[in-house]
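Notes for the one structure printed next.
The values are calculated or read from the model by the stated rules, or taken from the named source; none is laboratory data. Every value quoted in this text rests on a predicted model; they were computed, and no experiment measured them. No Cβ is skipped: glycine too gets one built from the backbone with ideal geometry, and neighbour counts run over all protein chains shown.
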Amino acid sequence: MIYLDNAATSLRRPPCVIEAVAQAMQSLGNSGRGVNGGSLSAARVIYDARQKLADLFGCSSPERVCFTSNATEALNTAIFGLFGPGDHVITTDLEHNSVLRPLYRLEKRGVELSFVPADRLGRIALSDFAPLLRPNTRAVITTHASNLTGNLVDLDAVGAFAQEHGLLYVVDASQTAGAFSIDMARSGISVLCFTGHKSMMGPQGTGGLCLAEGVEIRPLKTGGTGVQTYLPEQPAAYPTRLEAGTLNGHGIAGLSAAVDFLRETGVAAIHEKETALMRQFYDGVRAIPGVTVYGDFTGDRAPVVSLNIEDADSGEVADFLAAEYDIAVRSGAHCAPRMHRALGTEAQGAVRFSFGWYNTPAEVETAIAAIRSYAEG
């Protein structure tokens, strides 16, 4: 199979990640639940992972790296834990439902929302943020890259805007963590939400949020922590504050190994290779008659190319690619409803090709040939 659905999840992972998970499943106990060897080993592995992630993302301390099961849980934790009735939040048309649905739920409870609009290329303009400011504006929430178009948001520019106006800045790095350099301090990010199973090439069931100093989030979940058992409420100190219940120690061991791989290989090298594959595909399909490619390809971007072929249903195209060429892609709406409205693709959806570290130029050429074959009928 030619796997070109890396924006959904990595399929092929570094051998060190698989080995770390297998070893952890044979050796780790429950972190924070005793002083036996298994429990202490788990605690060491998890703390080590926190330290590596803090270093990778420019987070101030490992204690402010809190683990979740994925970016969706991280975003829900941040959004429900920071905002309440009377607050106003600015976000964008680029967002995934992991941001939109929590915000829409809060809107029913009295949180006010404003959206920076996207144009027909899926771009947003920094100049469109300031007119949305209100006296009760608390935060800006943006993705780092659209999972549909691959267009980037300028974290440094939006972060500077947020700092200038005394706002929190929450970032969804689902599509970029591991393949782009991200520095919370440099970009003025208050909360960085990430997942481990996409460009980080870690196990599914891993993710988290990194918090800047001074950011205080109400716990989304409460329960066992292994410490301060007699407190009637969740302990206040991070990371325990946001980590009720048993952590996925086995997955976190794999994520820790994935970070080792990222650093040894180089995030810049990973980004360069994935970008080259994306550009090769884009250059190969953009001039095929009947093909429409979505997004802005004039600058740096995530390794994603979404397209349609005339008025063909995107699901039918994806089925053709799978049946005739054994190519795996993603079709449909991609959990990005506002972006599809901006692009005018609500009814048709789009066929998304997303490239990863383990893809090859030969696979890209096969995908180009497959699109040409479908378009030529």
Among the residues of the stretch 264-321, which ones are more than 16 Å from Thr149 (Cα to Cα), of a type in the set (D, E, K, R), touching a residue at least 60 places away in the same chain (Cβ under 8 Å) and outside any helix (DSSP H, G or I)? Glu310
Would you be able to say whether some residue in the stretch 239-247 is within 20 Å of Ala145 (Cβ to Cβ) and either of a type in the set (Gly, Ala, Ser) or in contact with a strand residue (DSSP E or B) (Cβ under 6 Å, 6 or more places away or on another chain) (or both)? no
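So that you can scan it fast, the table gives a plain yes or no per residue for (1) crowded, with 22+ Cβ neighbours inside 10 Å; (2) closer than 21 Å to Thr91 by Cβ:
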position: Phe161; (1), (2): no, yes
position: Phe194; (1), (2): yes, yes
position: Cys210; (1), (2): yes, yes
position: Gly226; (1), (2): no, no
position: Ala237; (1), (2): no, no
So which residues in the stretch 92-124 are closer than 14 Å to Pro337 by Cα, hydroxyl-bearing (Ser, Thr, Tyr) and buried (at least 16 other Cβ atoms within 10 Å of the Cβ)? Thr92, Ser98
Output for the stretch 125-145, where each listed residue is surrounded by 13 or more Cβ atoms within 10 Å (Cβ to Cβ), out of contact with any Ser or Thr (no Cβ under 6 Å at 6 or more places or on another chain) and not in a loop (DSSP other than H, G, I, E, B): Leu126, Asp128, Thr137, Arg138, Ala139, Val140, Thr143
Restricted to the stretch 36-63, and to residues that are surrounded by fewer than 21 Cβ atoms within 10 Å (Cβ to Cβ) and charged (D, E, K, R), which residue is modelled with the lowest pLDDT? Arg44
